[in-house]
Amino acid sequence: MLHMIRLIASGPDTFTLGEFAARAELPLSSVHRLLKTLERAGFVERGSGLSYRRGRELHRVASQIVSRFDLARSALPLLQDLVDRFHETALLCVYSPVSRRAVVAEVVLTPHPLRFNVEKGQEIALPWGSMGPAVLAFLPKSEIEMVLRTEHAGPLTGMPRPARDELEAAFEHVRQHGFASYREPKFDSAGVAAPVFNGENEILGCLGVITLSSRFSPTMEQEVAAVLRAAAEDLSQQAAVSPSPGAMLSRN
């Protein structure tokens, strides 16, 4: 189904069943059934004659993603301040409801020669690390269940998904204290992340600091967490006064 959505998003404005089946390299009957499902969800609509076009729900989801990436401009000075203060890599991740993962929207790298290479556009699976749980803890329960059903092994470490009680404890910590933390000496990795919300208190993503666990002391972790929470609250306030995706669509 995700393959179909990608083809719709990247293809022509209108298309016929036959044209789409050729692009998807699938039988007409399979494509017709899948398009019916997407039509019921609002991701495609019937056009003139026998044609189809992108649906309003697809435009709405795309608008949400774009608006979240606009946070990068506001987040960049906050990330630079974090790097100047702690000399570790700082990044903004935004939640993608399509992939159900966090996506790196902006990053400022540490000046240390030993560091993790993080690139804009990189996807982050939610059950692992600090940034994932900082987002996952605030998703609707049904969305959390869908994430956990599809994520089984860490894409970077290959480690199995944490046990449910371990995840619940991590969720409770970030909900109570406003940040998630992670330390894995086996892979010499550590990090802290704080959630970012919009004006409706919906999770947009998180700000995070990542480093090597060998140079990340417990004292430094607490200092980073305090500054990171303040930065995330600042960014959330900026997001709260930005036009919502729905408002942008209604004006177009």
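Charged side chains reduced to their Cβ positions (Lys and Arg at +1, Asp and Glu at -1) give the range 128-252 a dipole of some 180 debye around its Cα centre. Once you've got the GNM for the chain with C-alpha springs shorter than 10 Å, pick whichever of Arg23, Arg85, Arg100 has the biggest mean-square fluctuation. Per the Cα network of the chain with a 10 Å cutoff, Arg23 tops the list. Taking Cα centre as origin and charging only the Cβ of basic (Lys, Arg, +1) and acidic (Asp, Glu, -1) residues, the dipole magnitude of the chain rounds to 840 debye.
When the square roots of the Cα gyration tensor eigenvalues are ordered a ≥ b ≥ c, the ratio a/c for the range 2-54 is under 1.5, which makes its shape rounded. Here the Gaussian network model covers the chain, with springs between Cα atoms less than 10 Å apart; of Phe15, Phe197, Phe171, Phe15 fluctuates the most. Relative to the Cα centre, the charge distribution of the range 1-144, modelled as +1 at Lys and Arg Cβ and -1 at Asp and Glu Cβ, gives a dipole magnitude of about 500 debye.
Computed over the chain, the percent of Cα pairs more than 33 Å apart is 27.
Sorting the segments 174-186, 202-214 by their mean number of nearby beta carbons within 10 angstrom, highest to lowest, gives 202-214, 174-186. Projecting the Cα atoms of Ser96, Leu34, Asn198 onto the charge dipole of the chain (Cβ charges, centred on the Cα centre) puts Leu34 farthest toward the positive pole.
In terms of overall dimensions, the range 126-168 has a Cα radius of gyration and Dmax of 9.7, 27 angstrom.
Between Ser29 and Leu7, the simple label model (points 7 Å from Cα in the Cβ direction) yields a spacing of 1.7 nm. Our estimate of slack between His177 and Arg53, defined as 0.36 nm per intervening residue step minus the Cα-Cα distance, is 40.1 nm.
Legend: Rg and Dmax of the range 100-206, from Cα coordinates, 13.7, 42 Å.
Per-residue packing, averaged as other Cβ atoms within 10 Å, sorts the ranges 86-98, 155-167, 47-59 into the order 86-98, 47-59, 155-167, beginning with the highest.
Gaussian network model of the chain, Cα springs within a sub-10 Å range: biggest mean-square fluctuation belongs to which of Ala125, Ala226, Ala170? Taking springs between Cα atoms under 10 Å, the residue moving most is Ala226.
Any read-out appearing in this document is the output of simple, stated calculations on the displayed coordinates, not a laboratory observation. The model shown is predicted, which means the values in this text are computed figures rather than measured ones. With ideal geometry, Cβ positions are generated from the backbone for all residues, glycine too; neighbour counts draw on all protein chains shown.
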